[in-house]
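Visitor: Please find one structure pasted underneath; my questions will follow.
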Amino acid sequence: MIFSNKDLKKLIIPLMGEQLLSLTVGFVDQLMVSQTGEAAVAGVALVDNINRLIIQIMAALATGGAVVCSQYIGAGRDKQTKKAAGQLELVLFTFAFIMMGISVLFARPLLSGIFGNTQKAIMDFAVLYFTVTAISYPFLGIYNSGAAIFRSVGNSKISLYISLLMNVVNILGNAIFVLCFKWGVFGVALSTLISRVIGSGVMSYFIMRKQSPIRLNQIADYIPDFSLIKKILFIGIPSGVENGMFQIGKLMVVRMVTSLGQASIAANSVSYTIIDFANIPASSMGLALITVVGQCIGAGKKDEAKHYVKKILLWSYIGDWICNITLFFIGHYIPTWFNLSPEAVDIATVVLRAFNITSLFIWPLSFTMPNALRAAGDVHYTMIVSILSMWIFRVGSSYVFGIILGFGVLGVWIGMFVDWACRSAFFTIRFLNGKWIQKKSLVN
């Protein structure tokens, strides 16, 4: 067996820590923003949906690079592994730099076009936050590519340590800029930018140092190699389209929420921030599956790949149950930390508990399992299922339950649960019939 239980734990536990620290940045930012008032929370919430879109596309491109690197590692082809890592950094930085330019230059028109006639106070906060955080995209791209490279060799400790550093910098920045200087939304955005600049610098140091298992220390490593870029994009583009359409669908759903008022916008945003913590075990297992299944496919050990998927999926469910049952009982108290109105707290409590119950059964099947399919090269199936499910079930059901039937934010979340059910059914069928494992390795 390629991975012992000890190897899996060495990969997964740091990933869980990294996910926790990454989410803590957003959680602390929300808490700090809440000191400025509910309009500021709502403005930042709108921008966070766009930031998630960019970050998800970066994550998809990073997934493409990690899959290619993992398969080369499994095949024992070190030279090609290094070249693939360099191309991953090139692709991610280029994409992030372009997105930064568009976002900074057209911040207000983009936000107005997406969210419509939002209240002026909310829109002003949103434009400010969007402009500053968009400058951080290239630095986040460098960090994400480095993290994906280290994960592909089974080393997730590096990104954990750097994430910890970024959290410390972000919290200190918030304390100085928000609590001392009273810069509000600008202070929160500036802290995020500085933490990502430092994180990218440290990640680059670890990638270039002698001890790095995939050392990128020459300009030649970054010269475009279109055969390798094509392999990265073979995974990255379908995953990027999938994640992009997923987030665009969420933006449409958020636009529905904006019609429900400021309390609904704030409650919806805070709820999304909180539920991410409950998903940490299952989402971390999903990242681990990219490395594990990728190396198994590269080594030609398909039976081992199936074995690991079942084992890691079981661990995902155990972690998911522990986190969601805990959150169910304490979920009423957490929204009160964000300086929300009583109406917003009540809305958040209801949707959080609905999420906890539903997630127990289908979240890992919807979001952990498809990473195994992607790592095996079955990216077009996951893309088609995810896109169709998003537009038919999430957007359609959200409109029916949230707007037509008048269930408000809860109705929008019910639409999300319907989407999960569809995704989990189709991904489970694909895994059981074995077609996902029949794809040809990318490195052969």
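Visitor: Within 15 Å of Glu89 (Cα to Cα) and either modelled with pLDDT under 90 or outside any helix (DSSP H, G or I) (or both), is that true of Leu216? Working first, answer last.
Guide: Working: within 15 Å of Glu89 (Cα to Cα): yes; either modelled with pLDDT under 90 or outside any helix (DSSP H, G or I) (or both): yes.
Taking the combined requirement at face value, the residue satisfies it.
Visitor: Output the residues belonging to region 378-395 that are over 19 Å from Leu313 (Cβ atoms) and more than 18 Å from the chain's Cα centre (by Cα).
Guide: His380, Ile384, Leu388, Ser389, Trp391, Ile392, Phe393, Arg394, Val395 - these are the residues of region 378-395 that are over 19 Å from Leu313 (Cβ atoms) and more than 18 Å from the chain's Cα centre (by Cα).
Visitor: Residue under question is Leu287, and the condition is that it be at pLDDT 95 or above and either basic (Lys, Arg) or in a helix (DSSP H, G or I) (or both); does it hold? Let's see the steps before the verdict.
Guide: Numbers: at pLDDT 95 or above: no; either basic (Lys, Arg) or in a helix (DSSP H, G or I) (or both): yes.
No.
Visitor: It is to be established whether one or more residues within region 158-181 are within 29 Å of Ile232 (Cα to Cα), surrounded by fewer than 18 Cβ atoms within 10 Å (Cβ to Cβ), out of contact with any helix residue (DSSP H, G or I) (no Cβ under 8 Å at 6 or more places or on another chain) and of a type in the set (A, V, I, L, M).
Guide: Scanning region 158-181 turns up no residue that is within 29 Å of Ile232 (Cα to Cα), surrounded by fewer than 18 Cβ atoms within 10 Å (Cβ to Cβ), out of contact with any helix residue (DSSP H, G or I) (no Cβ under 8 Å at 6 or more places or on another chain) and of a type in the set (A, V, I, L, M).
Visitor: Given the criteria within 21 Å of the chain's Cα centre (by Cα) and of a type in the set (Phe, Trp, Tyr), does Trp413 qualify?
Guide: Details: within 21 Å of the chain's Cα centre (by Cα): yes; of a type in the set (Phe, Trp, Tyr): yes.
Yes, satisfied.
Visitor: Going by the conditions given, is Val241 surrounded by fewer than 19 Cβ atoms within 10 Å (Cβ to Cβ) and assigned to a helix (DSSP H, G or I)? I'd like the intermediate steps shown before the answer.
Guide: Values: surrounded by fewer than 19 Cβ atoms within 10 Å (Cβ to Cβ): yes; assigned to a helix (DSSP H, G or I): yes.
So Val241 fits the description; yes.
Visitor: Is it the case that some residue within region 317-335 is crowded, with 24+ Cβ neighbours inside 10 Å and among the hydroxyl-bearing types (Ser, Thr, Tyr)?
Guide: no
Visitor: Now for a different question. Applying the selection to region 295-312, what residues are among the aliphatic types (A, V, I, L, M) and crowded, with 20+ Cβ neighbours inside 10 Å?
Guide: Initial filter on region 295-312 (among the aliphatic types (A, V, I, L, M)): 297, 299, 305, 309, 312.
Within region 295-312, Ile297, Ala305, Val309, Ile312 qualify.
Visitor: For region 99-141, name all the residues that are among the β-branched types (Val, Ile, Thr), part of a loop (DSSP other than H, G, I, E, B) and over 27 Å from Leu88 (Cβ atoms). Outline the logic, then answer.
Guide: Filtering region 99-141 for residues among the β-branched types (Val, Ile, Thr) gives 102, 104, 114, 118, 122, 127, 131-133, 135.
Pick out the ones that are also part of a loop (DSSP other than H, G, I, E, B) and you get 118, 135.
Answer for region 99-141, where residues must be among the β-branched types (Val, Ile, Thr), part of a loop (DSSP other than H, G, I, E, B) and over 27 Å from Leu88 (Cβ atoms): just Thr118.
Visitor: Go through region 67-107 residue by residue and tally those that are among the acidic types (Asp, Glu) and surrounded by 14 or more Cβ atoms within 10 Å (Cβ to Cβ). Walk me through it before giving the result.
Guide: If we filter region 67-107 for residues that are among the acidic types (Asp, Glu), which is where we start, we get 78, 89.
Okay, now just the ones that are also surrounded by 14 or more Cβ atoms within 10 Å (Cβ to Cβ), so 89.
Final tally of qualifying residues: 1.
Visitor: How many residues does region 243-265 hold that are within 13 Å of Tyr399 (Cα to Cα) and either among the charged types (D, E, K, R) or without any contact (Cβ under 8 Å) to a residue 24 or more places away in the chain (or both)?
Guide: Qualifying residue count for the region: 2.
Visitor: For region 235-260, which positions are in contact with a Leu (Cβ under 7 Å, 6 or more places away or on another chain) and more than 30 Å from Ala348 (Cβ to Cβ)?
Guide: Residues satisfying the conditions are Gly236, Gly240.
The values are calculated or read from the model by the stated rules, or taken from the named source; none is laboratory data. Fair warning: this is a prediction, and the values are worked out from it, not measured in the lab. Here Cβ is always computed from backbone atoms with ideal geometry, including for glycine, and neighbour counts include all displayed protein chains.
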